[in-house]
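The values are calculated or read from the model by the stated rules, or taken from the named source; none is laboratory data. All of these numbers come straight from a predicted model, not from anything done at the bench. Cβ placement follows ideal geometry from the backbone for every residue including glycine, while neighbour counts extend to all protein chains displayed.
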Amino acid sequence: MTLRPESTPEPLREPTQALPPTPRAVVVTAVPAHRARATLLVDLLADDSPRVTAAVRQALSRMGRTAEGALRRARNTGPARLRGRARQFLLEQARRRCVRRLVRHAAGGVPNLERALFLLDAYGVPGEDLRGHVRVLDEFGNRLRERLGRAVPGRGARALVDYLAGEVGFAGCSREFHHPDNIYMHRVIERREGLPLTLCAIYAGVARRVGLEVGLLPFPGHVLLAVTENGERTIIDPFGGGKFLSHSQCLRYLARQRIPYRAEYFRSAPDGDMFVRHVANLIQSLRVRKRGSEAADLKLVQRAYSMGGRRG
């Protein structure tokens, strides 16, 4: 038997072709479960079944702000039916938040009429930025301060009327007395006309910015403004274009309207009472326009003030 020598192994050679590159790891970002669920629920808002959409709305309400991103995307880019339903749902949710703020403010006694009225405006136009309207009132105050610097001391009421009625042009509304545009303060600021109470609130807000002592007189059907300087009081009718009224003229108004005299009509009312009266004006306007759900929301605000704010 012949033994064969072991064969010499061949030397290792470099491969003639380059090896394929090692693939990079692909990082997959998982969509959070709550966002995925919100997207699924929002898509179901377009379902044909009222029972399904009712259940979906309840589920989205429980999710609160977590679902807002999906709702906004649907409102902006979804099919027509989904866009409309998402838009309506977002509007309702924003109004609910506004009602909660209004109820808290009313229960606290409404320490500031202007702030309360802008909160009410936010309910009417949820999501709209109203800070520009506050800045308009700030500017009115700055302009009035300049005029007071040049006026004879004790002539603040005259300067207030000359500026807001004479230059800016605020006056009473000429038609559709109880239209919401004549009640919401931001709309009255834009249009320069409105109800007596809204105009008095604007006058009061500007006057308080310059340190004038003012109050709203709760005459039935026609709120008036009182400005007190050096112990003397001037009564102004902003609805009448800033007309100055004497005590006897106010009494004649009551007589013409067959309203019995009450001393409280000549005393400045608390801001909270004026706010709730303003809310009542808006409720009446909404009911006339068959907007019962909004009127019901605002009844909660009235109740909160009567139960907590007025006692406070």
What is the number of the single condition among (1) in contact (Cβ under 8 Å) with a residue 40 or more places away in the chain; (2) surrounded by 20 or more Cβ atoms within 10 Å (Cβ to Cβ); (3) in a helix (DSSP H, G or I) that residue 122 does not meet? (1)
Can you tell me which residue in segment 125-152 is farthest from the chain's Cα centre (by Cα), limited to those that are part of a loop (DSSP other than H, G, I, E, B) and small (Gly, Ala, Ser)? 151
Sole miss for residue 277 among (1) over 14 Å from residue 200 (Cα atoms); (2) in contact (Cβ under 8 Å) with a residue 60 or more places away in the chain is condition (1)
Residue list for segment 174-186, restricted to those being over 12 Å from residue 285 (Cβ atoms) and either out of contact with any Phe, Trp or Tyr (no Cβ under 7 Å at 6 or more places or on another chain) or not assigned by TED's automatic domain parsing to the domain that holds residue 286 (or both): 174, 175, 186
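Residue-by-condition table, conditions (1) under 21 Å from residue 275 (Cα atoms); (2) in contact with a His (Cβ under 7 Å, 6 or more places away or on another chain); (3) free of Cβ contacts under 8 Å to residues at least 24 places away in the same chain:
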{"position": "99", "(1), (2), (3)": "yes, no, no"}
{"position": "106", "(1), (2), (3)": "yes, no, no"}
{"position": "117", "(1), (2), (3)": "yes, yes, no"}
{"position": "127", "(1), (2), (3)": "no, no, no"}
{"position": "133", "(1), (2), (3)": "yes, yes, no"}
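Listed here are the residues, each with its yes/no results for (1) among the hydrophobic types (A, V, I, L, M, F, W, C); (2) touching a Pro at 6+ places or on another chain (Cβ under 9 Å); (3) more than 24 Å from residue 177 (Cβ to Cβ).
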position: 224; (1), (2), (3): yes, yes, no
position: 247; (1), (2), (3): no, no, yes
position: 282; (1), (2), (3): yes, yes, no
position: 302; (1), (2), (3): no, no, no
Could you tell me whether segment 1-13 includes any residue that is under 16 Å from residue 86 (Cβ atoms), among the aliphatic types (A, V, I, L, M) and either modelled with pLDDT under 60 or surrounded by 12 or more Cβ atoms within 10 Å (Cβ to Cβ) (or both)? no
Unique residue being assigned by TED's automatic domain parsing to the domain that holds residue 270 and at pLDDT below 95 when the list is 143, 150, 135: 150
Positions within segment 260-307 being part of a loop (DSSP other than H, G, I, E, B) and among the β-branched types (Val, Ile, Thr), in sequence order: none
Considering segment 62-115 alone, what residues qualify as being of a type in the set (Gly, Ala, Ser), assigned to a helix (DSSP H, G or I), at negative phi and more than 15 Å from the chain's Cα centre (by Cα)? 67, 69, 70, 74, 80, 84, 86, 107
Residue check: is residue 122 under 28 Å from residue 210 (Cα atoms) and among the hydrophobic types (A, V, I, L, M, F, W, C)? yes
When the residues of segment 154-179 are narrowed to those that are assigned to a loop (DSSP other than H, G, I, E, B) and of a type in the set (Phe, Trp, Tyr), which ends up farthest from residue 219 (Cα to Cα)? 170
With the structure loaded, tell me whether residue 95 is surrounded by 15 or more Cβ atoms within 10 Å (Cβ to Cβ), touching a residue at least 60 places away in the same chain (Cβ under 8 Å) and under 25 Å from residue 59 (Cα atoms) or whether it fails that test. yes
For segment 253-264, check the following and say yes or no: at least one residue is surrounded by 15 or more Cβ atoms within 10 Å (Cβ to Cβ), free of Cβ contacts under 8 Å to residues at least 40 places away in the same chain and touching a Ser or Thr at 6+ places or on another chain (Cβ under 8 Å). no
